[in-house]
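The values are calculated or read from the model by the stated rules, or taken from the named source; none is laboratory data. Values in this document were obtained by computation on a predicted structure and should not be read as measured data. Note: ideal-geometry Cβ built from the backbone for every residue, glycine included; neighbour counts use all protein chains shown.
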Amino acid sequence: MPSSSTILTILGGCFILHSAYSCLQYRSLIAELDLMTTTTMGTTGTSLPFDVIAEIGLGFFFSLVGQLSGSGKLQDISGFKSSQSLVAPAYQTRDFDIYSNRANALALKMK
């Protein structure tokens, strides 16, 4: 039997898929009835119904809770206990230090 985290994740995915189908059905209904409006930005469309937005939110929440509950126990964070200081490794090449932009490259080429 699947765990509760798997069930919650699948349930959340089903909610998201159903909200996508509801959105497509709503958009086709609006297009069929010629209820599209032009906004100030020049795009056409209407806002989504509240049930589609709520279904997306619930689907995201269920998927999030399912994934977080299935991840297991969190580990403790221990502080840095070494007496040695942190030092960055030495450069392998000097590519990082040499910076040249287009103007410098053209000036060097013109010389």
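Output the qualifying pairs, or none if there are none: Cβ atoms under 9 angstrom, residues six or more apart or on different chains, first residue in segment 18-33 and surrounded by fewer than 10 Cβ atoms within 10 Å (Cβ to Cβ), second residue among the acidic types (Asp, Glu) and part of a helix (DSSP H, G or I). Sorted first by the residue in segment 18-33, then by its partner, the list stays empty.
Yes or no, residue by residue, for (1) of a type in the set (S, T, N, Q); (2) at pLDDT below 75; (3) in a loop (DSSP other than H, G, I, E, B):
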site	(1), (2), (3)
Thr46	yes, yes, yes
Phe61	no, no, no
Gln67	yes, no, no
Lys81	no, yes, yes
Val87	no, yes, yes
Phe96	no, yes, yes
Ser100	yes, yes, yes
Ala105	no, yes, no
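Residues of segment 1-29 that are among the aromatic types (Phe, Trp, Tyr) and either under 20 Å from the mean Cα position of the chain (by Cα) or not in a helix (DSSP H, G or I) (or both): Phe15 alone.
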